[in-house]
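Notes follow the structure.
The values are calculated or read from the model by the stated rules, or taken from the named source; none is laboratory data. Here the structure is a predicted model, which is why all the values come from computation and not from measurement. Backbone-built Cβ (ideal geometry, glycine too); neighbour counts: all protein chains shown.
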Amino acid sequence: MIFWIASYPKSGNTWLRALLSAYYYTIDGVYTGDILLNYISQFPQKKYLSKFNYNLEKPGATGKLWIKAQELINSDKKIKFFKTHNLLNTKGDHRFTDSKNTIGAVYIVRDPRNVITSYKNHFELSLENALKHMLDETKFTYDQSKKNDFSDFQFISSWEKNYQSWMFNKTFPIMIIKYENLVDETFTVFKNLINFIDKICNSKKKFDKKKAQNALKSTNFSKMKKIEFKKGFSEAVTSNDGKNKIPFFFLGPENDFRKKLDMAFQEKLKITFQSNLQELKYL
């Protein structure tokens, strides 16, 4: 069965995966680099779809295979973690997952006013174009370094549709985490998440406080940034001119829209996302 670590892009998914991989896949809880993230890989991607026939040059062609691929992944009856930015709803006639293949999920949501600055940097966009992306209900992503290959196609839709599709899910157990709470109350939020996962996975292990503390210390933003500087980071994308890698770890907790955006754009975002900001208690 699959446990999903889900989010809209640039919302803290990588940090959460680093925490979970350090806690569940090391002896002492110490995060040593992005090789650990391989234990929590992305779905969908080519290696999980290679046994099926599909048109890899057509965006969305893999959608019909999502459930079949998950059935194959689950054939050994073991619990596995996967990362996704996918909308939980259907794409055309194709549902992303179901209760037969999913045991549970955590969804990390972030104030869109802070998502936008991180998104802008990651994809080298203007603020206006980043906002267009976040409002685009038809938006999808794929690895742009692989020309004519949409095998890792993810249908993310808009920021609003994405978080709502997971938040209001009733198909399987889900925990919603606000990125800001994870920053401010890291140990408490992480402990609650571990207890949530262990409960629905019927784990008999008790929460390991020391291991959790080690995971938190070794994955703080400054250390993750230093690791990327020394060793690189596999999920960093290449700049539009193809000359450099764009640093993946950009601002992190220091990414405060009040300091990064002018008042006019702050007001525009407040009006654009007002109902969502109220729903998520950001206002």
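Restricting the stretch 1-47 to residues that are hydroxyl-bearing (Ser, Thr, Tyr) and under 9 Å from the mean Cα position of the chain (by Cα) leaves a set whose member that is farthest from residue 82 (Cα to Cα) is 11.
Taking the stretch 83-99 as the region of interest, how many residues are of a type outside the set (Gly, Ala, Ser), in a loop (DSSP other than H, G, I, E, B) and over 23 Å from residue 39 (Cβ atoms)?
The first filter runs over the stretch 83-99 and keeps only residues of a type outside the set (Gly, Ala, Ser), leaving 83-91, 93-98.
Remaining after also requiring in a loop (DSSP other than H, G, I, E, B): 85-89, 93, 96-98.
Checking the rest, the ones that are also over 23 Å from residue 39 (Cβ atoms) come to 87, 89, 93, 98.
Of the residues in the stretch 83-99, 4 are of a type outside the set (Gly, Ala, Ser), in a loop (DSSP other than H, G, I, E, B) and over 23 Å from residue 39 (Cβ atoms).
Remark: pairs (first residue in the stretch 256-268, touching a residue at least 40 places away in the same chain (Cβ under 8 Å); second residue of a type in the set (Lys, Arg) and surrounded by fewer than 16 Cβ atoms within 10 Å (Cβ to Cβ); Cβ separation under 8 Å; 6+ apart in sequence or on different chains) = 266/258.
Scanning the stretch 31-53 for residues being part of a loop (DSSP other than H, G, I, E, B), of a type in the set (Val, Ile, Thr) and without any contact (Cβ under 8 Å) to a residue 12 or more places away in the chain gives a total of 0. In the stretch 178-221, the residue that is surrounded by the fewest Cβ atoms within 10 Å (Cβ to Cβ) out of those that are part of a loop (DSSP other than H, G, I, E, B) and not polar (S, T, N, Q) is 204. The set of residues in the stretch 169-205 that are among the aliphatic types (A, V, I, L, M), out of contact with any Pro (no Cβ under 6 Å at 6 or more places or on another chain) and under 25 Å from residue 100 (Cα atoms) comprises 174, 175, 176, 177, 193, 194, 197. Here residue 23 fulfils each of the conditions (1) part of a helix (DSSP H, G or I); (2) more than 28 Å from residue 194 (Cβ to Cβ) apart from (2).
Of all residues being over 22 Å from residue 77 (Cα atoms) and out of contact with any strand residue (DSSP E or B) (no Cβ under 9 Å at 6 or more places or on another chain) in the stretch 1-25, which is surrounded by the fewest Cβ atoms within 10 Å (Cβ to Cβ)? Just the residue, please. If we take residues in the stretch 1-25 being over 22 Å from residue 77 (Cα atoms) and out of contact with any strand residue (DSSP E or B) (no Cβ under 9 Å at 6 or more places or on another chain), then 18 is surrounded by the fewest Cβ atoms within 10 Å (Cβ to Cβ). For residue 28, the criteria (1) in a loop (DSSP other than H, G, I, E, B); (2) modelled with pLDDT of 90 or more; (3) in contact with a Phe, Trp or Tyr (Cβ under 6 Å, 6 or more places away or on another chain) hold in every case but one, which is (3).
Looking only at residues in the stretch 86-96 that are touching a residue at least 40 places away in the same chain (Cβ under 8 Å) and surrounded by fewer than 21 Cβ atoms within 10 Å (Cβ to Cβ), the one that is farthest from residue 61 (Cα to Cα) is 89. Does residue 67 fit the bill of being closer than 27 Å to residue 203 by Cβ, modelled with pLDDT of 90 or more and in contact with an Asp or Glu (Cβ under 9 Å, 6 or more places away or on another chain)? For residue 67, the condition - closer than 27 Å to residue 203 by Cβ, modelled with pLDDT of 90 or more and in contact with an Asp or Glu (Cβ under 9 Å, 6 or more places away or on another chain) - is met.
Do we find that residue 53 is farther than 30 Å from residue 257 by Cβ and out of contact with any Asp or Glu (no Cβ under 8 Å at 6 or more places or on another chain) in this structure? Yes. Residues that are at pLDDT 85 or above and exposed (fewer than 12 other Cβ atoms within 10 Å of the Cβ) within the stretch 238-282 comprise 258, 259, 262, 263, 264, 267, 271, 275, 278, 281, listed in sequence order. Residue count for the stretch 7-37 satisfying the condition of being within 23 Å of residue 69 (Cα to Cα) and in contact with a His (Cβ under 7 Å, 6 or more places away or on another chain): 3.
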